[in-house]
Amino acid sequence: MTDSYRHKGLRRKLVDTVAGKGIKDQKILEALGKVPRHYFMDSGFVEFAYKDQAFPIGSGQTISQPYTVAFQTELLNVKKHDKILEVGTGSGYQCVILLELGAKVYTIERQRELYLKSRTLLTEMGYKPYFFYGDGYKGQANYAPFDKIIITAGAPEIPDELLKQLKIGGRMIIPVGGNKGQVMVTVDRIGEEEFKKTEHGFFAFVPMLKGKQ
Ligand code: SAH
């Protein structure tokens, strides 16, 4: 696949659109401007890669809308070398944005086809997160605790196991709700048993499902 001047031009417009919707973090806007989103799309949708919309990526899943990726990333307040757990690798696009910000990313996907596809793509592009095929509800206890945890699927509730894997002083971002939409929630871990939740508006994600299929 190539990244033409046309793609680059469309990407600059996308960055302007996302900035116009209220994203201020320059590093995030730079990452959106750098990463060729069309590499992450199914061939039938490549033409639409620079629209600020979610699109199908196979296995009944979607690549998140760029604004939503930027919004979640901004709330995660990513610092260089942060250890981040991502639930829902999907296309791998969100993962790459986190890597571009200097984070160390551990990403889990429960759809085998998507896990294999994004692992191949990201490796070809030279990115090196830790890939896991499995159930994100369980997190990755072997690598915990994490500075940040990002869930990119709509969760019916906040999984306890993931709260346990969050560092004290760390933050989780998770869209909480059913299939009619979710509320974006940040959870700050203040102490061993103390968590502070804050709500950040309404979004629509594909559901976070239990177990593998
Ligand atoms: N971050 C992705 C968004 C993909 S959509 C991107 O940038 O493209 C959400 C993804 O979460 C889907 O791929 C879906 O298969 C996955 N998912 C749903 N439930 C999961 C679970 N319990 N564990 C891991 N991944 C899950």
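Read-outs: derived from the displayed coordinates by stated rules, not from any lab. Since this is a predicted model, take the numbers as computed values, not measurements. All Cβ positions, glycine included, derive from the backbone under ideal geometry; neighbour counts span all protein chains shown.
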Counting Lys +1, Arg +1, Asp -1, Glu -1, what net charge surrounds PHE55 among other residues with beta carbon under 10 Å of its beta carbon? +1
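State whether region 125-213 is rounded, prolate or oblate according to the following rule on the C-alpha gyration tensor (a ≥ b ≥ c being the square roots of its eigenvalues): a/c under 1.5 gives rounded; otherwise a/b larger than b/c gives prolate, and the remaining case gives oblate.
Oblate.
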For the chain, what is the largest minus smallest coordinate of the Cα atoms on each principal axis, given in angstrom and ordered from greatest to least? 51, 37, 35
Checked region 72-144 with the C-alpha gyration tensor, a ≥ b ≥ c its square-rooted eigenvalues, rounded below a/c of 1.5, otherwise prolate if a/b is larger than b/c and oblate if not; verdict oblate
Ranked by GNM mean-square fluctuation in the chain (Cα springs under 10 Å), the top entry among THR120, THR62, THR152 is THR120
Expected output is a single nm value to one decimal: the length gained when fully extending between HIS81 and ILE158, i.e. 0.36 nm times separation in residues minus the C-alpha distance. What is it? 25.2 nm
Expressed in nanometres to one decimal, the distance between label points 7 Å along Cα→Cβ at ARG112 and LEU10 is 3.3 nm
Give the long-range amide H neighbours of GLU86: residues separated by 5 or more places, or on another chain, with amide H under 5 Å away, using H modelled in the peptide plane at 1.01 Å from N. TYR106, THR107, ILE108, ILE150
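With charges only on Cβ, +1 for K and R and -1 for D and E, what is the dipole size of region 1-101 about its Cα centre, in debye, rounded to 20?
Computed about the Cα centre, the dipole is about 300 debye.
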List, in order, the whole-Hz ³J(HN,Hα) value for each residue of region 89-97 obtained from phi through the Karplus relation with A = 6.51, B = -1.76, C = 1.60 and θ = phi - 60°; use x for Gly and Pro. 4, x, 6, x, 5, 4, 4, 5, 4
Take the residue pairs LYS21/LYS167; LYS128/LYS148; LYS79/LYS210; LYS8/LYS148; LYS80/LYS197 and return only those whose Cα atoms are more than 26 Å apart. LYS21/LYS167; LYS79/LYS210; LYS8/LYS148
With Cα atoms, 0 to 90° folded angle of helix 5-20 axis to the chain main axis: 40 degrees
Tell me what the chain gives for mean residue ellipticity at 222 nm when only DSSP H runs of n ≥ 4 count, each as -39,500 (n - 2.57), the sum divided by the residue total, rounded to 500 deg cm²/dmol. -9000 deg cm²/dmol
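With +1 on each Lys and Arg Cβ and -1 on each Asp and Glu Cβ, and nothing else charged, work out how big the dipole of region 110-151 is about its Cα centre, in Debye to the nearest 20. Don't jump to the answer; show the numbers that get you there.
Working: 7 positive and 4 negative charges, 12 e Å.
Result for region 110-151 is approximately 60 debye, rounded to the nearest 20.
Mind checking the full-extension length gain between LYS51 and TYR133? Use 0.36 nm per residue of separation minus the Cα-Cα distance, one decimal, nm.
Length difference between fully extended and current span is 26.6 nm.
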By the mean-Cβ-within-10 Å protection proxy, highest first, 188-198, 13-23, 103-113, 163-173 rank as 103-113, 163-173, 13-23, 188-198
